[in-house]
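The values are calculated or read from the model by the stated rules, or taken from the named source; none is laboratory data. What you are looking at is a predicted structure, and each value in this text was computed from that prediction instead of being measured. All Cβ positions, glycine included, derive from the backbone under ideal geometry; neighbour counts span all protein chains shown. What goes into the accessible areas is simple: the full protein's heavy atoms, side chains included, and nothing from ligands, DNA or RNA. Shrake-Rupley method; radii C 1.70, N 1.55, O 1.52, S 1.80 Å.
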Amino acid sequence: MIKKFIEDLYYESSLPLNYSNKEYKELKADIIHFNLEPTFLSMLKHNNIIDTIPINLKDMLLKKYNQQFIQNLLIKNQTQMILSAFEENNIFVIPLKGPFFSEKYFNDFAARSSSDIDILIKEEQIDETIACIKKLGFIVEENNDEEHFHRTFSKTLPGSTIPLLIEIHWNIVRENTSTLSIDELWNQSIPIENYQFVLELSTIHAFYFIILHSWRHNLDSLKHFLDIIQMIKIHGNDLNYESLLK
């Protein structure tokens, strides 16, 4: 049922939805299974059909969305604080996924679930990066796979029993499995707003990163497919698939 629901959301000719009670019951179970309540609430609101669905489904989506809103707001504020500190210290950084991706591609920073902060930095600035985030309270280093391409630190937040994690990446793939030129990625990145050292991935590299991220998770959730579909929807013909395949 959820496949039909996604198709209907992306084809305006299928709106408003016209499902039976049985279909809505199946849809609710699917949404809960994939933990996509905030995403679909945001999409229903964007299509101006949130008030056309059954009230019990709407209430369930709203409850989960409001919970995610609070969490993503906290992560967004912490991320902005980190990016400002990096700018002040001349540390190059690219935020990955998280509320910024959600805001850009879903037009709602709370549409995608986020639980930690992911950033890409230049490997030669790793020591400066760690010193900077420790000043911001991320003082506990978590266990990491030595062959991996990131280090993880955590910070305890007031009123929360779960620490906030930040993953510091210097690559987007394992170096012993790929010949990806990280320098090419940096050279094609674009400064964000009025920043000089805070950048965003080029369109093709952002798309490639989302595909790699989905692949690393074995495409085990519909959220990975939705990320890819949404990027295709937003960028359309701007995506150069020949470059992607290369």
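Side notes on the structure shown:
- Test set (1) open to solvent by less than 50 Å² (accessible area, probe 1.4 Å); (2) modelled with pLDDT under 95; (3) part of a loop (DSSP other than H, G, I, E, B) - residue 91 fails condition number: (2)
- Within region 1-22, considering residues that are in a helix (DSSP H, G or I) and among the polar types (S, T, N, Q), the one most open to solvent (accessible area, probe 1.4 Å): 21
- Within region 156-191, the set of residues being over 23 Å from residue 245 (Cα atoms) and touching a helix residue (DSSP H, G or I) at 6+ places or on another chain (Cβ under 8 Å) comprises 157, 164, 166, 168.
- Members of region 226-245 found to be free of Cβ contacts under 8 Å to residues at least 24 places away in the same chain and either under 24 Å from residue 80 (Cα atoms) or open to solvent by 90 Å² or more (accessible area, probe 1.4 Å) (or both), listed by number: 237, 241, 242, 245
- Residue in region 205-218 that is crowded, with 16+ Cβ neighbours inside 10 Å and touching a Ser or Thr at 6+ places or on another chain (Cβ under 8 Å) present: yes
- Which listed residue, of 94, 130, 126, is β-branched (Val, Ile, Thr) and within 24 Å of residue 203 (Cβ to Cβ): 94
- Residue tally, condition assigned to a loop (DSSP other than H, G, I, E, B) and without any contact (Cβ under 8 Å) to a residue 12 or more places away in the chain, over region 193-225: 6
- Selection status of residue 76, free of Cβ contacts under 8 Å to residues at least 24 places away in the same chain and either surrounded by 20 or more Cβ atoms within 10 Å (Cβ to Cβ) or part of a helix (DSSP H, G or I) (or both): no
- Residue match in region 33-49 (condition: at pLDDT 95 or above, assigned to a helix (DSSP H, G or I), crowded, with 16+ Cβ neighbours inside 10 Å and among the aromatic types (Phe, Trp, Tyr)): yes
- Of all residue pairs spaced 6 or more apart or on separate chains, those with beta-carbon atoms under 6 Å, a first member in region 158-169 that is free of Cβ contacts under 8 Å to residues at least 40 places away in the same chain and a second member that is open to solvent by 50 Å² or more (accessible area, probe 1.4 Å) and outside any strand (DSSP E or B) are 163/156.
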